[in-house]
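Report on the structure given below.
Only the coordinates and a few stated rules stand behind these numbers; no lab work does. In this text, all values refer to a predicted model and were calculated from it rather than measured experimentally. Reconstructed Cβ throughout: ideal geometry from the backbone, glycine too, with neighbour counts over all protein chains shown.
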Amino acid sequence: MNGQTRKYDYLSYNRHDVLRPNLIFWALAIFLSRHLVLLLFLGVSHGKGGGGPANPAVAALIDPLFFISDVPALTLLCALGGRLPGGGRLARVLWHNGRALLLGSCALYLGLLVWQEGTDPAAYHPVTWTMIALTILAGAYISLSRYLKDMFAQFPEAPDEAG
């Protein structure tokens with residue numbers, strides 16, 4: 001940060017002097033990519049020939065249609081891997097648009113849900129309502145969090161920029 005005063009506790013910064021992803025960011029990223037994460041978890045837990053979840057509400061959580069809504073959050077996690085001083089232009093662009101990617105994941109999920117389940121809220125399962133509420137809360141946090149805004153604004157300087 002080149003001699004600037006720090007806005008957050010010094011433990012919030014990594015060795016490249018940029019804000020590190022906090023626990024809430026990791027929870028959001030995993031939640032917003034939950035369909036693929038849950039599929040992997042269920043696949044591992046059932047082993048070969050497992051019958052999958054017996055509860056239709058849980059089965060709906062791993063509906064392949066919703067994998068589309070996981071893509072923006074997973075793309076951001078890939079960009080996080082390139083968040084180094086030598087990180088490429090694509091990683092920088094993706095990282096600086098991190099809040100939009102996370103909000104896109106929220107919007108895609110809600111849009112796909114309405115497209116698949118219909119517009120009659122009375123027909124939604126309580127698990128579906130829980131996922132809707134959590135997705136809206138995640139979107140609100142992403143929109144309002146100053147830490148996330150500051151974190152996505154920072155990317156380690158490239159070696160030729162540090163000069």
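Examine the stretch 98-120 for a residue that is exposed (fewer than 13 other Cβ atoms within 10 Å of the Cβ), in contact (Cβ under 8 Å) with a residue 40 or more places away in the chain and either hydrophobic (A, V, I, L, M, F, W, C) or within 25 Å of Val18 (Cβ to Cβ) (or both), and state whether such a residue exists.
Scanning the stretch 98-120, I find no residue that is exposed (fewer than 13 other Cβ atoms within 10 Å of the Cβ), in contact (Cβ under 8 Å) with a residue 40 or more places away in the chain and either hydrophobic (A, V, I, L, M, F, W, C) or within 25 Å of Val18 (Cβ to Cβ) (or both), so the answer is no.
Can you pull out the residues in the stretch 121-140 that are under 25 Å from Ser12 (Cα atoms) and buried (at least 16 other Cβ atoms within 10 Å of the Cβ)?
Those that are under 25 Å from Ser12 (Cα atoms) and buried (at least 16 other Cβ atoms within 10 Å of the Cβ): Ala138, Gly139.
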